[in-house]
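A.B. asks: Here you go, one structure.
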Amino acid sequence: MNLQHDRIAALCEQLKLDRLPAEWPAVAQTTIDSNGTHADFLEAALQLQHDGLNERRRQTILRLSGLPVIKTLEQFDFAFASGVPRSQIQELAGLAFIERQENLVLLGPSGVGKTHLATGFVE
């Protein structure tokens, strides 16, 4: 590593840009390979940092949610929970209800998979 890389890493640390120190060289090389501009590099580097921030935020919210072990919608047993319409769950999995600012309420007796579905939507 050279001194400039060290200075960039130090600045990233001071600015709390945790993803950039390790990944900016690859972003720079990709920009060069695609004949990109300085603005293309900056946009890609900022997008990388933004994606990392969103992932950390998602992980924190998931941890704080108090939900049990994470389960996916692919693991859901539709045969066991015969009253759950697969097509409706697949439509909800697209999360369009969030963009429409609608609530999702899962109702049913104990043991039919409401928590499994809730964690599947989160994941």
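The values are calculated or read from the model by the stated rules, or taken from the named source; none is laboratory data. For clarity, every value in this text was computed on a predicted model and none was experimentally measured. Cβ atoms come from the backbone with ideal geometry, glycine included; neighbour counts cover every protein chain shown. These area figures cover heavy atoms from the full protein model, side chains too; ligands, DNA and RNA do not enter into them. Shrake-Rupley method; radii C 1.70, N 1.55, O 1.52, S 1.80 Å.
A.B. asks: Report whether or not K114 is of a type in the set (K, R) and in contact (Cβ under 8 Å) with a residue 40 or more places away in the chain.
C.D. replies: no
A.B. asks: Follow-up question, since we're still on this one. Can you tell me which of E74, E102 is outside any helix (DSSP H, G or I) and among the acidic types (D, E)?
C.D. replies: One residue alone meets the criteria, E102.
A.B. asks: Applying the selection to the range 77-99, what residues are touching a residue at least 12 places away in the same chain (Cβ under 8 Å) and assigned to a loop (DSSP other than H, G, I, E, B)?
C.D. replies: D77, F80, A81, G83, V84, L95
A.B. asks: Might you let me know whether the range 105-120 holds any residue that is polar (S, T, N, Q) and assigned to a helix (DSSP H, G or I)?
C.D. replies: Yes.
A.B. asks: On to the next question. State whether the residues of the range 9-17 include one that is among the polar types (S, T, N, Q) and either touching a Lys or Arg at 6+ places or on another chain (Cβ under 8 Å) or open to solvent by less than 90 Å² (accessible area, probe 1.4 Å) (or both).
C.D. replies: Looking for residues that are among the polar types (S, T, N, Q) and either touching a Lys or Arg at 6+ places or on another chain (Cβ under 8 Å) or open to solvent by less than 90 Å² (accessible area, probe 1.4 Å) (or both), one finds none in the range 9-17, hence no.
A.B. asks: While we're here: For V105, indicate whether it is farther than 18 Å from R58 by Cβ, among the hydrophobic types (A, V, I, L, M, F, W, C) and in contact (Cβ under 8 Å) with a residue 24 or more places away in the chain.
C.D. replies: The answer is no for V105.
A.B. asks: Tell me which residues, restricted to the range 93-123, are of a type in the set (S, T, N, Q) and closer than 20 Å to E74 by Cβ.
C.D. replies: Hits for the range 93-123 are T115, T119.
A.B. asks: Something else: Give all pairs with beta carbons closer than 6 Å in which a residue from the range 14-27 that is outside any helix (DSSP H, G or I) meets a residue that is open to solvent by less than 90 Å² (accessible area, probe 1.4 Å) and among the hydrophobic types (A, V, I, L, M, F, W, C); count only pairs at least 6 apart in sequence or on separate chains.
C.D. replies: These pairs meet every condition: R19/L48.
A.B. asks: Would it be correct to say that Q4 is more than 30 Å from K114 (Cα to Cα), at pLDDT below 95 and open to solvent by 60 Å² or more (accessible area, probe 1.4 Å)?
C.D. replies: Here the answer is yes, as Q4 does meet what is asked.
A.B. asks: Here's something else I'd like to know. Within the range 48-99, count every residue that is of a type in the set (S, T, Y), within 30 Å of D18 (Cα to Cα) and modelled with pLDDT under 85.
C.D. replies: Residues flagged as of a type in the set (S, T, Y), within 30 Å of D18 (Cα to Cα) and modelled with pLDDT under 85 within the range 48-99 amount to 2.
A.B. asks: So, of the residues in the range 100-115 that are under 23 Å from the mean Cα position of the chain (by Cα) and at pLDDT below 85, which turns out to be nearest to G66 (Cα to Cα)?
C.D. replies: Ranking the qualifying residues of the range 100-115, first place goes to T115.
A.B. asks: Here is a follow-up. Can you pull out every residue in the range 52-99 that is more than 18 Å from the chain's Cα centre (by Cα), small (G, A, S) and surrounded by 12 or more Cβ atoms within 10 Å (Cβ to Cβ)?
C.D. replies: A81
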